[in-house]
């Protein structure tokens, strides 16, 4: 109690924080924490997308360098060509191999080189064997960080009447694509070339090479 000369004794005013103030503070704090959690969730997906794209770009560039290293002079025209096995879909994505376990592709095929893959790093190989070896190495590099990625190598042959599957001067398309998901009900802007023949949305990296 405090003494007032004019009005006599008066009770002291209430001090401290009331229950309503505590509840309002907790509500504001909860909303802020939910916003931070949402940002972290979106950031994790963005980081994953960036990692997948960066790794795929590196694999596409490495595969293009392998193609250039394996190129030879054409027997029917002027310019360089590569062995036609490079355009066999069965040698990519471990389609020519089988695994007895349910492990991820990298653990199943890449920790130990399968016997069906020629060892071209320490011995002489033919052009066809180099194609199989390069496809295997590229497939292992691709699935190291993204088990769902697929490699596709095609040729836009500029001379359909010669005996070569990919004539000299033709454009070789290297594509790595992987499935993606929409986040927070936001539809992705999909690239048609990445989603050809796919029922689910895919993203991709594409590199065109002319030998």
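Considering each residue of segment 92-107 in turn, at least one proves to be closer than 17 Å to residue 209 by Cβ, touching a strand residue (DSSP E or B) at 6+ places or on another chain (Cβ under 8 Å) and surrounded by 15 or more Cβ atoms within 10 Å (Cβ to Cβ).
Taking segment 69-88 on its own, how many of its residues are in contact with a strand residue (DSSP E or B) (Cβ under 7 Å, 6 or more places away or on another chain) and closer than 30 Å to residue 146 by Cα? Break it down stepwise before answering.
Of all residues in segment 69-88, those in contact with a strand residue (DSSP E or B) (Cβ under 7 Å, 6 or more places away or on another chain) come to 71-74, 80-81, 86-87.
Cutting the leftovers down to closer than 30 Å to residue 146 by Cα gives us 71, 86-87.
Of the residues in segment 69-88, 3 are in contact with a strand residue (DSSP E or B) (Cβ under 7 Å, 6 or more places away or on another chain) and closer than 30 Å to residue 146 by Cα.
Restricting segment 140-168 to residues that are outside any loop (DSSP other than H, G, I, E, B) and touching a residue at least 60 places away in the same chain (Cβ under 8 Å), the residue that is surrounded by the most Cβ atoms within 10 Å (Cβ to Cβ) is 142. Each residue in segment 122-132 was checked for being out of contact with any strand residue (DSSP E or B) (no Cβ under 8 Å at 6 or more places or on another chain), farther than 18 Å from residue 150 by Cβ and surrounded by 13 or more Cβ atoms within 10 Å (Cβ to Cβ), and 4 pass. Could you check segment 190-209 and list, in sequence order, the residues that are surrounded by 18 or more Cβ atoms within 10 Å (Cβ to Cβ) and in contact (Cβ under 8 Å) with a residue 60 or more places away in the chain? Scanning segment 190-209 gives 203, 204, 205, 209.
Here residue 119 meets each of (1) assigned to a helix (DSSP H, G or I); (2) surrounded by fewer than 16 Cβ atoms within 10 Å (Cβ to Cβ); (3) in contact with a helix residue (DSSP H, G or I) (Cβ under 8 Å, 6 or more places away or on another chain); (4) free of Cβ contacts under 8 Å to residues at least 40 places away in the same chain with one exception, condition (1). I'd like the full set of residues that are assigned to a loop (DSSP other than H, G, I, E, B) and surrounded by 14 or more Cβ atoms within 10 Å (Cβ to Cβ), limited to segment 49-76. Matches in segment 49-76: 71, 74.
Do we have any residue at all in segment 29-41 that's under 26 Å from residue 143 (Cβ atoms) and either modelled with pLDDT under 85 or not in a loop (DSSP other than H, G, I, E, B) (or both)? Yes, because at least one residue in segment 29-41 is under 26 Å from residue 143 (Cβ atoms) and either modelled with pLDDT under 85 or not in a loop (DSSP other than H, G, I, E, B) (or both).
The values are calculated or read from the model by the stated rules, or taken from the named source; none is laboratory data. These figures come from a predicted structure and were not determined experimentally. Using ideal geometry, Cβ is built from the backbone for each residue, glycine included, and neighbour counts are taken over all protein chains shown.
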